[in-house]
1. Is it fair to say residue 95 is within 18 Å of residue 117 (Cβ to Cβ) and either touching a Lys or Arg at 6+ places or on another chain (Cβ under 6 Å) or in the same structural domain as residue 10 (by TED's automatic domain parsing) (or both)?
2. Would you be able to tell me the number of residues in the stretch 230-265 that are crowded, with 20+ Cβ neighbours inside 10 Å and under 14 Å from residue 344 (Cα atoms)?
3. Mind checking whether some residue in the stretch 284-292 is assigned by TED's automatic domain parsing to the domain that holds residue 348 and in contact with a His (Cβ under 8 Å, 6 or more places away or on another chain)?
4. Within the group 124, 144, 108, which residue is closer than 16 Å to residue 53 by Cβ, among the hydrophobic types (A, V, I, L, M, F, W, C) and in a helix (DSSP H, G or I)?
5. Restricting to the stretch 315-355, and then to whatever is surrounded by 12 or more Cβ atoms within 10 Å (Cβ to Cβ) and not in a helix (DSSP H, G or I), can you tell me which residue is modelled with the lowest pLDDT?
6. Only residues that are of a type outside the set (Val, Ile, Thr) and surrounded by fewer than 13 Cβ atoms within 10 Å (Cβ to Cβ): list them for the stretch 41-85, please.
7. Does at least one position in the stretch 216-226 carry a residue that is hydrophobic (A, V, I, L, M, F, W, C), over 15 Å from residue 291 (Cβ atoms) and either crowded, with 20+ Cβ neighbours inside 10 Å or more than 22 Å from the chain's Cα centre (by Cα) (or both)?
8. For residues that are modelled with pLDDT under 80 and surrounded by 17 or more Cβ atoms within 10 Å (Cβ to Cβ), tally how many sit in the stretch 1-26.
Amino acid sequence: MSTMFQVLRKSIIVPFYRSHAGLLIFIFLIMFGTVESRYLVNYHQTLIIGMFTSELFMFSVCVIWALYSLKILQYSITLLRKPEYAFLTNLMLVSKPKAFGEMLVIVLFCFLPVVAYSVFIYLLGISEHYYSGSIGIFLFQTMLCCINAYVILLFLRTQHKISWTLAPFRIPNIGGRIGFYISHFASQEKIALLISKGFSLALLYIVREATESGDDFRIVGLTWVFVLLSHTFLIPKVRMFEDRYLSWIKSLPISTAKTCGLYFVFYISLMIPELMFSLSMIGSIVDLASLALLSGGLLMFIHAYLLKADRDPDQFSTFLFWLFILSFFVILSKLIVVLIVVLGATACIRITKRYYEYEPAVN
C-alpha cells in the first residue's frame, strides 16, 4: 500500500469507524442478530429477492445507501475543515487521476459494510437471473462512491479559495420549547434524522409486507422496539444540545412535571412518521396509542439515564442492550401496558430527582 493511502487511512477511515462503531454494530445486530441461525440464510434471501421484485423496496434501500454515502461525505468534510488536517491539501500536488484514485479507495473502505453485503446481492441476483437489477445496483453504488471522492477532492482544492457548505439550506425555526429541539434536528442533525427514519420506515415496510392485517399485535410491538432502538443514538445529541444551549431554562419557573410532559410529547412527536405508517399495519386506535405511549416512555427513560452526572459513557451500550432485552420479553408476554407505565413513571422520578442537580461536564 502507498504511503498516501496509509496517511489517508489513519486520517479518515480509522476516525470514521471509531465515530460510527455504535451505529454500525446496531445495524449488524438488526440484520443478523434478530433471526435464528437456521432461518438466517432464508431471511436474507427473501430480503434480497424482495429488492429485485419490488420497486418501492429497491428505492427505499437505495435511499438508505445514499444517506450512508452522504454521512461519509459529511464526516470527511468535517474532518478536513480542522486545522490539523491542513496537510492533506498536499494531496493536490499529485496528478488528478492519482489523487482521485487514492480518495476513491478511501471512500470504498468507508463504504465497506455496504459493499460486503452487496456481494451477496450480486451473487443471488445473478443466480436468479436478475441481471439488470444487479447491474443497476452496482452502477448506483459506484456512482455514490465516485461522487463522494470527487466532492472531497473538490473541497480540498477549493476550501482556501471559496466558502461553501455541504447543506446550505436552513429550515425555519419553530416556536416554543419543543420547537427548540425540532429546529435543532431539522437544521443541524438532518443526516442523523434521515438515517434513523429511513432505517425504521424500511423495517416497518418489510414487516408489513411479511405479515397480514389482523396478525398478532405482538409482531408490530416487537418490531417497534427495533424502531425505537434505531432512534436511541439521537438522544445523546439531544442531551449535548441541552448542555450547550439550553442550560438557562433551568432558571425559569417551570415545574419538573411540566418538563417531563415536554420530553414525553417531544419523543412521541419524533415518531410521528412511523406512527402514521403503522396505521396500515394495525386496525385499532388503542394499539396505535400503545405504540405512541411506548415511544414517549422508552425514549424519555433513556433521556433520564443520560442525566446521571457520574455515569460511565462506556456503559451506555450495555444499558441499551438490557433495556432492549427487557422490553422484548415484556411485549412478548403481552404486558406492554405494564412496560409503558413502569418506563414512564421511572423516567419521571429520575428526571424530578436529577434535572436540577445535573451539571454538564466542562472539557
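1. On the way: within 18 Å of residue 117 (Cβ to Cβ): no; either touching a Lys or Arg at 6+ places or on another chain (Cβ under 6 Å) or in the same structural domain as residue 10 (by TED's automatic domain parsing) (or both): yes.
It is false that residue 95 is within 18 Å of residue 117 (Cβ to Cβ) and either touching a Lys or Arg at 6+ places or on another chain (Cβ under 6 Å) or in the same structural domain as residue 10 (by TED's automatic domain parsing) (or both).
2. 3
3. Within the stretch 284-292, none of the residues are assigned by TED's automatic domain parsing to the domain that holds residue 348 and in contact with a His (Cβ under 8 Å, 6 or more places away or on another chain).
4. 124
5. 355
6. Taking the stretch 41-85 first, the residues of a type outside the set (Val, Ile, Thr) are 42-45, 47, 50-52, 54-60, 62, 65-71, 73-76, 79-85.
Hits for the stretch 41-85 are 42, 55, 56, 59, 81, 82, 83, 84.
7. No: the stretch 216-226 contains no residue that is hydrophobic (A, V, I, L, M, F, W, C), over 15 Å from residue 291 (Cβ atoms) and either crowded, with 20+ Cβ neighbours inside 10 Å or more than 22 Å from the chain's Cα centre (by Cα) (or both).
8. Number of matching residues: 5.
The values are calculated or read from the model by the stated rules, or taken from the named source; none is laboratory data. Everything quoted here is computed from the prediction, not taken from an experiment. Because the Cβ atoms are built from the backbone with ideal geometry, glycine has one as well, and the counts that use them run over all protein chains shown.
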